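The structure that follows is given in the form of structure tokens.
The values are calculated or read from the model by the stated rules, or taken from the named source; none is laboratory data. Everything numeric here is computed off the predicted structure, so don't read it as measured data. Heads up, the Cβs are rebuilt from the backbone with ideal geometry, glycines too, and the neighbour counts pull from every protein chain shown. Side chains included, ligands, DNA and RNA excluded: accessible areas come from the protein's heavy atoms. Shrake-Rupley method; radii C 1.70, N 1.55, O 1.52, S 1.80 Å.
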Amino acid sequence: MLNQDIMRNVADAYVRQGIFAAVEWYVEVDGKPASSGVRVGEGFPKLPDTPIYRIYSMTKPIVAFAALRLIEQGRLRLYDPAEKFLPEFANPRVQNCDGASESSRGPILVEHLLTHRAGLSYGFNMGCHVGSLYARDRLMADTRAPLAEFAAKVASYPLAFHPGSQWRYSLSIDVLAAILEISTGQDLPAILDELVFSPLGMSDTGFSVPSEQSGRILPIYGEPNLDMLNPISPNPPCFDELDMSRAHPWPRDSAAPRGGHGLFSTIPDYANFARSLIDGNAPSGERLISTAMLEFMLANRIPDSQLPLRIGVLEFPGYGWNLLGRIMLDPGKSLSLTAAGEIGWAGAASTFFWVDRSKAMVGLSMTQYLGSAFPLGPDSMAAAYSALDA
């Protein structure tokens with residue numbers, strides 16, 4: 001069991017200081033709930049039962065997991081070139097920082113897309129010359145183009161570097177999602193339902209929310225422009241509720257699914273997904289990923305020469321990247337308490353999850369604030385580790 005006070009204190013501090021309107025958390029160890037709760041700030045409405053969150057980039061590990069199930073089934077391969085499915089990616093050009101361009105030294109592979117080494121970028125990657133083109137054209141604001149069309153649009157831009165030569169957080173999982181649709185003949189929601197949501201009992205997770213459940217979607221605050229999500233330091237909280245119908249359509253009834261963001265989910269649903277990364281099994285006992293494939297997909301893929309990982313000015317010392325998300329390689333370099341082998345990822349609206357397979361630990365912290373640099377997720381994880389034997 002965890003010391004409950006240590007976990008509560010993190011949420012209490014963030015809410016009491018007026019940094020977040022509300023915080024929900026959940027931790028389990030050895031398959032048993034160890035700590036959970038909700039804290040709501042004064043003046044904010046009580047949270048509904050089982051709140052629904054916009055999880056943004058925590059969509060990525062789910063899409064990657066679906067891709068890895070297809071790879072294990074032999075329906076997709078890590079060495080498949082993107083151009084096999086999306087001809088627009090044939091013969092890509094690499095643009096250097098000085099504006100000069102050259103032919104790519106090789107094709108973009110599915111493995112490059114899963115590991116963010118494809119040469120793509122994001123508009124919020126400060127200092128990235130290609131990312132600035134995305135931001136200029138508001139590429140992320142294109143929410144209605146079907147995935148294949150969106151991927152083709154991404155292919156019209158030059159690459160920021162030769163595939164495989166760097167790690168850069170990017171739109172690569174959106175391109176991967178288009179490949180999943182083309183290779184299976186299904187749309188992304190159907191793929192995720194078949195390979196992830198149905199077997200894991202994730203009934204509250206999807207790209208839209210039924211109208212009768214819309215009251216469970218929490219209000220969201222912060223900065224609505226995703227291209228601006230690269231804070232250097234924590235910003236003063238702004239609790240003017242965002243009009244997401246204009247910034248990004250929520251629910252996404254009028255928007256096409258994306259691989260890199262867009263899912264709604266709950267803590268119980270996402271805990272089911274996170275738990276499957278411990279042993280590859282669904283709650284029913286059905287095996288979704290073999291033990292060999294689980295070890296294969298969670299192994300670090302980033303060479304030392306491409307570390308530490310950076311997103312703009314933000315650095316993640318000690319971490320590598322596997323086929324699903326981050327993995328802690330060297331706790332001696334980490335700036336927040338964790339353990340070797342810890343895996344997980346986060347979302348732009350201050351959602352966060354981690355899994356420690358050696359301890360059968362699953363943890364999540366959730367709120368809804370876009371663009372905050374306050375480390376609610378790492379602080380929650382550090383508290384959980386501290387509370388293990390407190």
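For segment 139-172, which residues satisfy the criterion of being over 20 Å from the mean Cα position of the chain (by Cα), open to solvent by 30 Å² or more (accessible area, probe 1.4 Å) and closer than 21 Å to residue 207 by Cβ?
Hits for segment 139-172 are 144, 146, 148, 149, 153.
Looking only at residues in segment 100-135 that are of a type in the set (A, V, I, L, M, F, W, C) and not in a loop (DSSP other than H, G, I, E, B), which one is surrounded by the fewest Cβ atoms within 10 Å (Cβ to Cβ)?
This residue is 133.
Pick out the one residue from 204, 193 that is within 22 Å of residue 345 (Cβ to Cβ), of a type in the set (D, E, K, R), open to solvent by 10 Å² or more (accessible area, probe 1.4 Å) and part of a helix (DSSP H, G or I).
Residue meeting the stated conditions: 193.
Here's a follow-up. Against the definition (out of contact with any helix residue (DSSP H, G or I) (no Cβ under 7 Å at 6 or more places or on another chain) and either closer than 27 Å to residue 68 by Cβ or free of Cβ contacts under 8 Å to residues at least 24 places away in the same chain (or both)), how does residue 357 come out, yes or no?
So residue 357 does not fit the description; no.
Restricting to segment 4-48, give me the number of residues that are farther than 19 Å from residue 268 by Cβ, in a loop (DSSP other than H, G, I, E, B) and of a type outside the set (D, E, K, R).
Of the residues in segment 4-48, 9 are farther than 19 Å from residue 268 by Cβ, in a loop (DSSP other than H, G, I, E, B) and of a type outside the set (D, E, K, R).
Give, as residue ranges, the strands (runs of 3 or more DSSP E) completely inside segment 311-390 that count at least 1 residues that are open to solvent by 10 Å² or more (accessible area, probe 1.4 Å).
Result: 314-316, 319-321, 326-328, 343-347, 351-356.
Any residue in segment 56-71 that is at pLDDT 95 or above, of a type in the set (Lys, Arg), buried (at least 17 other Cβ atoms within 10 Å of the Cβ) and closer than 30 Å to residue 214 by Cα?
Yes, because at least one residue in segment 56-71 is at pLDDT 95 or above, of a type in the set (Lys, Arg), buried (at least 17 other Cβ atoms within 10 Å of the Cβ) and closer than 30 Å to residue 214 by Cα.
Looking at segment 7-35, I want the residues that are closer than 18 Å to residue 373 by Cα and have a partner that is open to solvent by 20 Å² or more (accessible area, probe 1.4 Å) and among the acidic types (Asp, Glu) with Cβ atoms under 6 Å, at least 6 apart or on another chain. Which pairs are those?
10/379
Let me ask you something else. When the residues of segment 46-55 are filtered to those that are over 8 Å from the mean Cα position of the chain (by Cα) and on the phi < 0 side of the Ramachandran plot, which remaining residue is most open to solvent (accessible area, probe 1.4 Å)?
Checked segment 46-55; the qualifying residue most open to solvent (accessible area, probe 1.4 Å) is 46.
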